[in-house]
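Undergrad: Quick one: this structure, given as structure tokens, is what I'll be asking you about.
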Amino acid sequence: RSEWLQYFRRAMDLNKAMEGLNKENFIIKQRTGETLVKKPGSLNGYDFIIEFLTDCDVFILDHTAQVQIDDCTNCRIFIGPVAGSAFFRDCKDCKIQVACRQLRLRDCQRLDIGLYCFTKPAVETSSEIAFSCWRGAYHGLTEHFAQANLNPEASTWWDVYNFNNGEEINGLLEHYTVDKNSTEEYWEVPVYDDEGEEVGSPEDPVPFNGRVYVGDGEREKAVAEDPQTTATDADEDDDDDDDDGRDESSQLGDSLENTSDKEAGARAEKQAQAAAYLSTFYKERKQAKSARKRQNREEEAAYLASRESEASSSDGNVWARTADLIDFTQRAEKGADHACDMARFRQVLRAAKDSNL
């Protein structure tokens, strides 16, 4: 937890520091068919954004606070150590090398990812994602891991958390694969100074399935070349190394799953509260409606009874009863379209009475 607090405080300080910088230097967007490079020292721990690229090669050879990658298609993307999260969204058909504290994929398809990740990588509504161990090197990478506060020997890249486990995404139930013995290309990226001269030699501090990159273009076994050491023994050693990495970062590695469970519980509680509220609302509404109906019927019955009582007081004279039921005091409003001439109506009734109708 203390490491995360340090990261967030540092992120806030960096955001404040970026207020005086040209933000165009910290974003790559809307490019096609280009090779784009950020040299060591050009970002120096700030946030970075990559978006809307097609058929591009991107090399971020520096440490950053967090990186967001959106809507990239058929690209090769190399990202050096990220102190926080690397978030890929809506990316397709890309080859990627990325080292980060937290990896999140959403709405992605057909990505080949060589990964260092201090916590569990998370996959959401994505499919055909191939994970393998980080396979990248450039001069200064070891220092950048230290500046990003990442331990190169504590990676849980294989321990993927799938938000949509068991669901069908893009017609598939299996959304990702993990290859602990990948034979994909190893990315050695040269670093050049302002005069175009290559600086130093590539370096990679991240162990790879019991092997360590030594910087001369070869990868040598970390286990002793003992004739009695079998392949099974080497595999067990690899598993032990994996367990050590898992133990070191298990608390942070489980944070995504715990957060998801808490969110699901809170969502279920809110849904139950909403259902109880709606049930009470409709019950009270029905009761109020029934009460209004009952009151209207009672008032209607009382009104009819009063009219019958008034009519019966006319001693059986039908014309007197009729006169009691009609309001002859009504007057037409001035300018009304339909005049209400009660005087004429009274004359008609009298004529009817006189004619014994």
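Undergrad: If you go through region 134-153, how many residues are surrounded by fewer than 22 Cβ atoms within 10 Å (Cβ to Cβ) and in contact with a Lys or Arg (Cβ under 9 Å, 6 or more places away or on another chain)?
TA: 1
Undergrad: Still on this structure, please answer the following. Mind checking whether some residue in region 102-115 is over 20 Å from L173 (Cβ atoms) and assigned to a loop (DSSP other than H, G, I, E, B)?
TA: no
Undergrad: Please tell me if A339 is open to solvent by 60 Å² or more (accessible area, probe 1.4 Å) and either modelled with pLDDT of 70 or more or in a loop (DSSP other than H, G, I, E, B) (or both).
TA: yes
Undergrad: Now a separate question. Scan region 280-311 for residues that are under 30 Å from I326 (Cα atoms), of a type in the set (S, T, Y) and either touching an Asp or Glu at 6+ places or on another chain (Cβ under 6 Å) or surrounded by 10 or more Cβ atoms within 10 Å (Cβ to Cβ) (or both) and jot them down.
TA: Listed by number, the residues that qualify are Y303, S306.
Undergrad: Answer yes if at least one residue in region 100-117 is surrounded by fewer than 17 Cβ atoms within 10 Å (Cβ to Cβ) and of a type in the set (D, E), and no otherwise.
TA: No, there is no match, as no residue in region 100-117 is surrounded by fewer than 17 Cβ atoms within 10 Å (Cβ to Cβ) and of a type in the set (D, E).
Undergrad: Take the residues of region 165-211 that are aromatic (F, W, Y) and not in a loop (DSSP other than H, G, I, E, B): which is nearest to the chain's Cα centre (by Cα)?
TA: Going through the qualifying residues, I end up with Y176.
Undergrad: Also, I was wondering about something else. Going by the structure shown, is E128 over 26 Å from F145 (Cα atoms), open to solvent by 10 Å² or more (accessible area, probe 1.4 Å) and in contact with a Phe, Trp or Tyr (Cβ under 7 Å, 6 or more places away or on another chain)?
TA: No.
Undergrad: Just to be sure I understand the filter: pairs with C-beta atoms under 7 Å, separated by 6 or more residues or on different chains, first member in region 163-188 and open to solvent by 70 Å² or more (accessible area, probe 1.4 Å), second member modelled with pLDDT under 90. Which pairs pass?
TA: K180/N209; N181/N209
The values are calculated or read from the model by the stated rules, or taken from the named source; none is laboratory data. It should be emphasised that the depicted structure is a prediction, and the values quoted were computed from it without experimental measurement. Positions of Cβ are generated from backbone atoms using ideal geometry, with glycine treated the same way; all protein chains shown enter the neighbour counts. Just so you know, the surface numbers come from the protein's heavy atoms only, side chains and all, with ligands and any DNA or RNA stripped out. Shrake-Rupley method; radii C 1.70, N 1.55, O 1.52, S 1.80 Å.
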